[in-house]
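Inspection log for the structure reproduced underneath, given as structure tokens.
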Amino acid sequence: MTQGRTLTFNIFRYDPQEANDKPKMVQYQIAETPGMTVFIALNKLREEQDTSLQFDFVCRAGICGSCAMVINGFPTLACRTLTAKYPKGEITLMPLPGFELIGDLSVNTGKFMRELAERLQLWLHPKSDDIDVHRLEDPMDPEEAARLYELERCVECGVCVSACATKQMRDTFVGAVGMMKIARFEMDSRDGRTAEDFYHVIGNQDGVFGCMTLLGCQDNCPKDLPHMQQIAYLRRKMAMTLV
């Protein structure tokens, strides 16, 4: 890595809470340090140059998904993106499309995920209504637990939503994150819902049959989740309900 070079950041700035504010790109320059990430650079810019700069972060370790943004045209996590990745030293930052803008690079992914969970009923539906909180939980096969864990690694960063062309064209499309979560419950032996039940939720153009298989979710997911594998799995399941 070339040390001591000057990085140029072109950052989208707009605060919808300010009546007279208008969207614009603002340029900043900062000295690069070894191992610098876009997240570290943003913090230095906010601390040293512009305290009004808005962006989100919590864990700084690629676990919370809060710092997702569009970096040089690709949606990804700022905390896992090294500035050394860009040899020209020019970095353009934009907020994730498809979400309500809070300000600058900050978007309301939480509102989207909450509404998605309510719409798709993304919680376990027990097979029995006779719930005893004192009864020990039924044991789960280790292989099944491993399959569910793989799908539970989603950090709800919103990258797959912003990378999805279908979602950008059709706002009602549930996106890869919605189908990943549906697949998680469809695979769970403790869930009492049938394939027909899931068909009524995602067996349409807003669900599995609306995906155009452009691989935006698969190519950009920072956790390398098997989005297309699960969408294909659900498609087969939903198609079989029509036979």
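Tabulated data for the structure shown
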| read-out | value |
| --- | --- |
| 12 Å reach of a label modelled at E152, 7 Å along Cα-to-Cβ, counting backbone N of the stretch 212-241 | none |
| Isolated Cys residues of the chain, judged by Cβ distance under 4.7 Å to other cysteines | C67, C79, C154, C157, C164, C211, C221 |
| Per residue value of the accessible surface for the stretch 6-106 (all protein chains in place, 1.4 Å probe), Å² | 51 Å² |
| Under 15 Å, Cβ to Cβ, from S128 - net charge with Lys/Arg +1 and Asp/Glu -1 | -3 |
| Answer label for Rg/Rh (Cα atoms, Kirkwood Rh) (calculated), chosen among (i) 1.04; (ii) 0.95; (iii) 0.98 | (i) |
| J(HN,Hα) series, the stretch 230-241, from Karplus relation 6.51 cos²θ - 1.76 cosθ + 1.60, nearest Hz, glycine and proline x | 6, 5, 5, 4, 5, 4, 4, 4, 5, 5, 5, 6 |
| Value of [θ]222 nm, deg cm²/dmol, for the chain, DSSP H segments ≥ 4, -39500 (n - 2.57) each, nearest 500 | -9500 deg cm²/dmol |
| Pairwise label distance in nanometres, R119 with K22, each label 7 Å out on the Cα-Cβ vector | 3.3 nm |
| ³J(HN,Hα), Karplus 6.51/-1.76/1.60, whole Hz, each residue of the stretch 75-88, x for Gly, Pro | x, 6, 8, 5, 6, 10, 10, 6, 5, 5, 5, 10, x, 7 |
| Residue list for the stretch 96-137, given a label point 7 angstrom along the Cα-to-Cβ vector of S52 and an amide N cut-off under 17 Å | 102-106 |
| Length released on extending from Q205 to K44, taking residue separation times 0.36 nm less the Cα-Cα span | 53.5 nm |
| Among 70-82, 5-17, the order from most to least packed when residues are scored by Cβ within 10 Å on average | 70-82, 5-17 |
| Relative contact order (percent, whole number), the chain, Cα cutoff 8 Å, 6+ residue spacing | 17 percent |
| All Cα pairs of the stretch 135-183, percent lying beyond 18 Å | 46 percent |
| Protein accessible area in the stretch 6-106, 1.4 Å probe - carbon and sulfur % | 51 percent |
| The chain - share of DSSP beta bridges that are antiparallel (%, nearest 5) | 80 percent |
| Under 12 Å from K24, Cα to Cα: aspartates and glutamates that are on another chain or at least 8 residues apart | D15, D104 |
| Estimated distance in nm for a label pair at N108 and M140, the labels positioned 7 Å out from Cα along Cα-to-Cβ | 3.2 nm |
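The values are calculated or read from the model by the stated rules, or taken from the named source; none is laboratory data. Just so it is clear, the model here is predicted, and its values are computed rather than measured. Note that each Cβ is placed from the backbone with ideal geometry, even for glycine, and that neighbours are counted across all protein chains shown. Keep in mind that these areas ignore ligands, DNA and RNA; they rest on the heavy atoms of the full protein, side chains included. Shrake-Rupley method; radii C 1.70, N 1.55, O 1.52, S 1.80 Å.
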